[in-house]
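Okay, so here's the structure we're looking at.
Quick note: the coordinates plus some simple rules give every number you see, no bench work behind them. From a predicted model like this one, the values you see are computed outputs, not experimental measurements. Here the Cβ positions follow ideal geometry from the backbone for every residue, glycine too, while neighbour counts run over all protein chains shown.
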Amino acid sequence: MARRRNVSMKERERFDRVAPPQQPEQRRLSVSLTVICVTAVLLLLTALVLFLFLFLFVNYHDLLLNLNPHHSHNELDLSSTSPTGDKDAVVNLDHGDPTMFEPFWKESGQKSTVVISGWHSMSYFSAAGAQLCWFLEPSFAKEVRRLHAIVGNAITDNRPVIVGVGSTQLIHAVFFALSSSSSGEPNQQPVPIVSAAPYYSMYPGIADLLKSRLFHWAGDASTFKEGGNSSFIEIVCSPNNPDGAIRRAVLDSEAGKQVHDLAYYWPQYTPMRGPADEDIMLFTVSKATGHAGTRIGWALVKDADVARKMVKFIEMNSIGVSKDSQIRAARILQVVSDGYDLPDSKAFAWLRCDDESIKDDCEGFFKSMKVLTRSGKHFGAGPEYVRISMLDRAHNFNLFVERISSSRGLG
Ligand SMILES: Cc1ncc(COP(=O)(O)O)c(C=O)c1O
């Protein structure tokens, strides 16, 4: 026992020499040091994660911009100019993004706010399930008919309303419907699609995107050679994007089928000339009210067979159209109808550069002023033309006006 006590005493002495007992202050100091070190490491890790996130976000954003066909012909940062941006900012008047209506909708406050409960609109089908367009929200159809009746820009009697993911999906759907024969003949020639230049720059891309065997883009309707009884599709945009002209079909043959894109036939863009009564008419809330992000368009179609095929296309393409968006669009249209009183303006300016030094590249001329426009080349016209969107926020438009007022070269 005495020996063991001796040994442990010795061990204790040795231990005390190596690690003398800590005083309370020393212990507190070492605890604080540990806390500081752990905090520093945590802060470093957080900074690293943040840095990585920002790096990936910026690159992803760039990637998205590069993938967008509207952006590929520009090298500058093409995102919309910020509402409070600095005087030197790039003014992006390339797309027709209708942000100019924001102040109007801000003022409308609660009237245009929509609340959708978690259990609402869960089914693929709408209450109008038994109808031809089985995914159409009845409240949306009702407000479409009501607004057309108040504005007097289209006849809606005896035509179903077909809702689409923007009128872009309806353009795809109508190309399909007008070119697919009911018998489904496999060897038919692709149907040519034409529109008089300058035409909306998306038509060629929409027509040729899938390299369909049913139809193909055939360019300017004014120079199109009709081939006897061979069918073709003419798309008529009125008022026209980009030049705002009031248009009729330029081809007049039994074999041709016409689609009327009336996206801008609203009194805020052009004087009303009575209700349109065409066989196929396309409209969109993107331009009617400025809600491009809601992605809702509608078609009024006389022929039941064409309407059925359009619905089939949307069924195969997206199994219907967001109910939430339709409900929101219905409320927006209702607010417009309830307080119908809108200002007069135009959606786009179609400009020509006459000066010899810039007429070969009018778009480049504006770009040198940090103003992004879309060249006439994209509309089947020459590079001396540009389309300038007038749908942007007032702040950006004022920047644009300031810059051109101090330059020369426009005809
Ligand atoms: C003439 C025309 N048609 C159709 C569209 C597409 O509209 P949406 O947003 O409904 O797809 C646009 C959009 O700029 C347009 O200018």
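Descriptive notes on the structure:
- You can think of it this way: the chain between residue 40 and residue 394 has 122.7 nm of extra reach, that is 0.36 nm per residue less the Cα-Cα gap.
- Ordering of 352-362, 144-154, 366-376 by packing [mean C-beta count within 10 Å, highest first]: 366-376, 144-154, 352-362
- Between residue 276 and 154, 155, the built amide H atoms are under 5 Å apart, and every one of these is 5 or more places off in sequence or on another chain.
- Remark on the range 215-345: hydrodynamic radius 16.7 angstrom, per the Kirkwood mean of 1/r across alpha carbon pairs.
- For the range 310-411, the fraction of C-alpha pairs farther apart than 21 angstrom is 56 percent.
- 10 Å binning of all Cα-Cα separations within the range 143-254, expressed as whole percents from 0 upward: 12, 38, 36, 13, 1
- The ellipsoid that matches the Cα gyration tensor of the range 200-281 has semi-axes, each √(5λ) in whole angstrom, of 24, 16, 11, with the longest given first.
- Links that overshoot a 23 Å alpha carbon limit, given the list 87/367; 225/287; 312/377; 111/142; 257/377: 225/287; 312/377; 257/377
- Cα-Cα P(r), the range 348-407, percent of pairs per 5 Å interval: 4, 20, 30, 27, 13, 6, 0
- A straight chain from residue 104 to residue 404 at 0.36 nm per residue would run longer than the Cα-Cα distance by 105.3 nm.
- Using 0.36 nm per residue and subtracting the Cα-Cα separation, the extra length available between residue 86 and residue 132 on full extension is 11.4 nm.
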